[in-house]
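Each reported figure results from applying straightforward, stated rules to the coordinates on display, with no laboratory input. Because the structure is a prediction, the values reported are computed rather than measured. No Cβ is skipped: glycine too gets one built from the backbone with ideal geometry, and neighbour counts run over all protein chains shown.
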Amino acid sequence: MVTPREIKIFSGNANQSLAKEICQKMNIPLGNALVGHFSDGEINVQIVDNVRGMDVFIVQPTASPVNQHLMELLIMIDALKRASATRITAVLPYYGYSRQDRKVQPRVPITSKLVADLITTAGANRVLTMDLHAGQIQGFFNIPVDNLFAAPVLLEYLRSKKFTDLTVVSPDAGGVERARAFAKRLNAALAIIDKRRDKPNEAQVMHIIGDVKGHDCLLLDDMVDTAGTLTEGAAALKANGAGKICAACSHAVLSGPAIKRINESSLDELITTNTISLDSKQQECKKLTVLSVAQLLADAITRIHEETSLSSLFV
């Protein structure tokens, strides 16, 4: 494919601060688009800049309010397609509905697949995302998907911390591969929390597999939503004699009682990234450290535009 001559980056209302930071890293202006609402609540979009024949990227994580931000993304894609953009890449630092990726009960939807179909049908030619909840979501698309990892950003910060006999802890069996990869790069031990989830957003810790007594612990997950799993895990680690307890995640959803739970928990620090824009209440969390993934996304966008490899970003 011939590389388009010009590149444009646009943003909806989901995380404009991240989009502006990406543009600063790339030394280009943020594209001019009007994304508002009609009086009845319908979303109104106008792409002000000329995009004919251009390589266009839309930075729009589908975080809360998920449905509004998803519709903004779809309408922006449609507007850019009708404005004759050569290629449209949907940049979703956080992919909403990613937890509904399979049928776990009878008569339930696979909404991750539905959202993939919507983005493709709207006219996206490619998707750039980060730390998908499940890798198989890439297969739900019939267009190229690049799934980045926040690990380089998190690891750089974690290596600057002074831990004593660090143990990386997976909060469940599904996260063992991710925890093992971090443990290897941090030269740390590995532990697993065996839990039983009775219903969504509620988890009951059963027991810990591995030695954490006297060790500093790092709880690792891809996202933190209501923080029930995280805080129960921290309490279990503390009860088993762990020292300092930190947690790290790529996506800070932080809904419902999350902030209260984190502030009152045994956690010393929650390390996350800015894939999701935090509101003023979430920013009040005293234990929260937010790292920027703007440079990582800027590098990925540049390489997609220039048709070069992304895998070398994670060597």
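First select every other residue whose beta carbon is under 13 angstrom from the beta carbon of Gly210; then total the charges, Lys and Arg +1, Asp and Glu -1.
Details: positive: Arg180, Lys213; negative: Asp165, Asp194, Asp211.
Taking every Cβ under 13 Å from that of Gly210, the sum is -1.
For segment 18-87, what is the charge dipole size about the Cα centre, in debye to the nearest 20, if Lys and Arg each add +1 at the Cβ and Asp and Glu each add -1 at the Cβ? Walk me through the numbers on the way to the answer.
Values: 6 positive and 7 negative charges, 61 e Å.
Here the size comes out at about 300 debye.
To the nearest 20 Debye, how big is the dipole of the chain about its Cα centre, given +1 on the beta carbon of each Lys and Arg and -1 on that of each Asp and Glu?
Numbers: 34 positive and 33 negative charges, 72 e Å.
Once rounded to the nearest 20, the dipole reads 340 debye.
Given a cut-off of under 8 Å on Cα pairs at least six residues apart, what relative contact order in percent is computed for segment 1-138?
On the way: 248 pairs, mean separation 30.5, N = 138.
It rounds to 22 percent for segment 1-138.
If you take every DSSP beta bridge whose two residues both sit in segment 160-315, what share of them, in percent to the nearest 5, is antiparallel? Write out the running numbers ahead of the final one.
Values: 6 of 27 bridges.
Taking every DSSP beta bridge within segment 160-315, about 20 percent pair in antiparallel fashion.
Placing +1 on the Cβ of each Lys and Arg and -1 on the Cβ of each Asp and Glu in the chain, which of Ala173, Leu267, Pro152 has its Cα farthest towards the positive end of the resulting dipole?
With unit charges placed on the Cβ atoms, the residue in question is Ala173.
Over the chain, with a Gaussian network built from C-alpha contacts below 10 Å, which listed residue (Ala252, Ala124, Ala85) shows the highest mean-square fluctuation?
Top of the fluctuation ranking is Ala85.
Among DSSP beta bridges whose residues both lie in segment 1-104, state the antiparallel percentage, nearest 5. Mind showing how you got there, number by number?
Working: 5 of 15 bridges.
Taking every DSSP beta bridge within segment 1-104, about 35 percent pair in antiparallel fashion.
With +1 on each Lys and Arg Cβ and -1 on each Asp and Glu Cβ, and nothing else charged, work out how big the dipole of segment 157-315 is about its Cα centre, in Debye to the nearest 20.
In debye, rounded to 20, segment 157-315 gives about 400.
Calculate the translational D of segment 203-305 in whole µm² s⁻¹ from Stokes-Einstein, where the hydrodynamic radius comes from the Kirkwood formula applied to all Cα pairs, the temperature is 25 °C and the viscosity 0.890 mPa s. Intermediate values should be presented prior to the final figure.
Values: Rh = 14.6 Å.
In µm²/s, the coefficient is 168.
Lys/Arg Cβ at +1, Asp/Glu Cβ at -1, dipole of segment 173-315 taken about the Cα centre: which of Thr289, Thr226, Ala188 is farthest positive-ward?
So the residue we want is Ala188.
Mind telling me which of Gly241, Gly175, Gly228 comes out most flexible in a GNM of the chain, alpha-carbon contacts under 10 Å?
Taking springs between Cα atoms under 10 Å, the residue moving most is Gly241.
What residue among Pro144, Pro93, Pro65 has the largest mean-square fluctuation in a Gaussian network model of the chain, using Cα springs under 10 Å?
Ranking Pro144, Pro93, Pro65 by mean-square fluctuation puts Pro65 first.
Please identify the longest segment of the chain free of exposed GluC sites (Glu not before Pro), where exposed means a DSSP state other than H, G, I, E or B and no more than 12 other Cβ atoms within 10 Å. Each step should come with its number before you reach the end.
Working: sites that count: Glu42, Glu264, Glu284, Glu306, Glu307.
Longest site-free region, per DSSP loop and neighbour criteria: 43-263.
For the chain, taking Cα atoms only, what is the radius of gyration to one decimal and the Dmax to the nearest whole Å?
20.2, 61
Return the percentage of antiparallel bridges among DSSP beta bridges fully within the chain, rounded to the nearest 5 %.
Close to 20 percent.
Find the centroid of the Cα atoms in segment 109-138 and in segment 251-269, then give the distance between the two in whole Å.
28
Just add up the charged neighbours of Leu186: K/R +1, D/E -1, any other residue whose Cβ is under 10 Å from the Cβ of Leu186. Let's see the in-between values first.
On the way: positive: Arg159, Lys161, Lys184, Arg185; negative: none.
Net charge around Leu186: +4.
Relative to the longest principal Cα axis of the chain, at what angle does helix 111-122 sit, 0 to 90 degrees, rounded to 10?
Between helix and principal axis, roughly 20 degrees.
Among Ala33, Ala252, Phe10, which residue has its Cα furthest toward the positive end of the charge dipole of the chain, with +1 on Lys/Arg Cβ and -1 on Asp/Glu Cβ?
Toward the positive end, the furthest listed residue is Ala252.
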